[in-house]
Amino acid sequence: MNPPRHYLQFKDFTREEYQHVFDRTRWIKDKFKRYEPYHPLFDRTLVMIFEKASTRTRLSFEAGMQQLGGSAIYLNTRDSQLGRGEPVEDAAQVISRMSDVVMIRTFEQDIIERFAANSRVPVINGLTNEYHPCQILADIYTFIEHRGSIQGKTVAWIGDSNNMCNTWLQAAELLDFNVHVSTPPGYEVEPERAGLYGTGHFEQFADPMDACKGADLVTTDVWTSMGFEAENDERMKDFADWCVDAEMMAAARQHAVFMHCLPAHRGEEVTAEVIDGVQSVVWDEAENRLHAQKALMEYLVLGKVED
């Protein structure tokens with residue numbers, strides 16, 4: 001029995017594998033839009049384990065697995081033995097014997113790494129404190145859909161150097177584009193935490209306006225991520241000048257797009273004028289979680305499928 005492929009960080013796939021997944025995303029989405037059934041995962045089961053709250057992650061994985069012909073089972077750690085102290089390793093042994101693929105949305109990356117090390121089936125990172133690879137998978141596909149290849153392009157990340165930022169930095173190294181990062185003092189990128197093996201594809205800027213200059217994509221996230229709520233008041237003050245507004249978008253390239261993984265707080269990390277404006281592609285970005293993750297699950301469970 002060959003060891004399963006997991007998707008725990010963006011750098012777990014090669015550039016060629018991403019090209020395949022993006023091609024499959026386009027094909028699968030086109031089938032969906034034409035109401036043509038496609039059930040390659042008939043009689044397969046996805047187990048979704050949630051320790052962090054979710055809207056888009058649960059909906060996109062659950063609907064996606066059903067659209068691929070399989071079934072999805074929702075487990076919240078509060079309602080399972082995992083929430084009562086069962087070792088992650090033991091849970092992985094059992095759950096992976098009763099399912100075909102597992103998605104986990106949790107806190108520390110170590111939890112999902114330990115689960116994957118004891119799983120007989122593919123494990124997908126639905127979000128951890130350190131990384132959010134499924135979101136960046138969908139974001140890059142959305143950029144390709146609107147603007148073509150992301151290779152050589154520039155992404156401006158404005159705000160907290162969180163799991164989204166870390167994953168953008170991994171993606172830039174792998175897919176050969178650049179990331180301009182601007183964070184308030186004290187919130188800068190930590191290359192080791194980001195899991196970087198090189199630093200040639202990103203540059204840090206003290207001024208968010210400078211980071212946006214020449215960008216093809218401007219993106220941000222909430223100022224206070226899940227698990228950091230105690231810092232909320234302090235962050236509101238520290239991040240006050242890091243709100244993506246029309247002036248920042250004007251500094252980017254004329255055809256730049258704006259992205260946000262949602263949920264968004266208008267008037268904090270982004271103005272309503274920007275997120276609801278003509279450059280915003282956030283709703284396509286949200287929908288593409290569904291299609292990109294279908295392509296991801298197809299690849300992890302079945303390997304390379306051709307049209």
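The values are calculated or read from the model by the stated rules, or taken from the named source; none is laboratory data. A quick note: this is a predicted structure, and the numbers were derived from the prediction, not measured. Cβ coordinates were reconstructed from backbone atoms using ideal geometry, including for glycine residues, and neighbour counts include every protein chain displayed. The protein model used for the area step is the full one, side chains on, heavy atoms only, and it has no ligands, DNA or RNA in it. Shrake-Rupley method; radii C 1.70, N 1.55, O 1.52, S 1.80 Å.
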Output the pairs from LYS11/LYS294; LYS31/LYS52; LYS52/LYS294; LYS52/LYS153; LYS11/LYS33 with a Cα-Cα distance over 24 Å in this structure; if there are none, say none. LYS31/LYS52; LYS52/LYS153; LYS11/LYS33
How long are the semi-axes of the equivalent ellipsoid of the stretch 143-222, taking √(5λ) for every eigenvalue λ of the Cα gyration tensor, in whole Å from largest down? 18, 15, 11
For LYS29, counting only aspartates and glutamates whose alpha-carbon sits under 19 Å away and dropping same-chain residues fewer than eight positions off, the answer is GLU17, GLU62, ASP139, GLU145, ASP284, GLU285, GLU287, GLU298, GLU306, ASP307
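Taking all protein chains in place and a 1.4 Å probe, what share, in percent, of the accessible surface of the chain do carbon and sulfur account for? Each step should come with its number before you reach the end.
Working: 6530 of 13410 Å².
Solvent-exposed carbon and sulfur of the chain make up 49 percent of the total.
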Between the stretch 117-137 and the stretch 200-222, what's the alpha-carbon centroid distance in Å? 26 Å
Treating only Lys and Arg (+1) and Asp and Glu (-1) as charged, each at its beta carbon, one finds that the stretch 1-83 has a dipole about its Cα centre, in Debye to the nearest 20, of 260 debye
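Placing unit charges on C-beta atoms (Lys and Arg positive, Asp and Glu negative, everything else neutral), compute the dipole magnitude of the chain about its Cα centre in debye, rounded to 20. Numbers along the way, then the final one.
Details: 30 positive and 49 negative charges, 260 e Å.
Dipole of the chain, to the nearest 20 debye: 1260 debye.
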For the stretch 204-267, what is the charge dipole size about the Cα centre, in debye to the nearest 20, if Lys and Arg each add +1 at the Cβ and Asp and Glu each add -1 at the Cβ? 300 debye
Can you figure out the FRET efficiency of ASP23 with ASP176, using R₀ = 22 Å and their beta-carbon distance, to the nearest 0.05? 0.80
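Could you do me a favour and compute the accessible area per residue for the chain, 1.4 Å probe, result in Å²?
Numbers: 13410 Å² over 307 residues.
Per residue, the chain has 44 Å² of solvent-accessible surface.
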Only helices counted: for the chain, with every DSSP H run of 4 or more residues adding -39500 (n - 2.57) and the sum spread over all residues, [θ] at 222 nm is -12000 deg cm²/dmol
What residue among PRO122, PRO87, PRO133 shows peak mean-square fluctuation when the chain is described by a Gaussian network model with Cα springs under 10 Å? PRO87
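Within the set of other residues whose C-beta is less than 14 Å from the C-beta of PHE115, count the net charge using Lys and Arg as +1 and Asp and Glu as -1. List each step's numbers first, then the result.
Values: positive: ARG97, ARG105, ARG114, ARG120; negative: GLU51, GLU86, GLU89, ASP90, GLU108, ASP110, GLU113.
So the surrounding residues net to -3.
Suppose we take every Cα in the chain and form the convex hull; what volume per residue is that in Å³?
Details: hull volume 40.1 nm³, N = 307.
Dividing the Cα hull volume of the chain by its residues yields 130 Å³.
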What is the pair-distance distribution P(r) of the stretch 1-150, computed from all Cα-Cα distances in 10 Å bins starting at 0, with each bin given as a whole percent? 10, 39, 37, 12, 1
Put +1 on the Cβ of every Lys and Arg and -1 on every Asp and Glu Cβ in the chain; which of ILE73, VAL179, ALA272 then has its Cα farthest towards the positive end of the dipole? ILE73
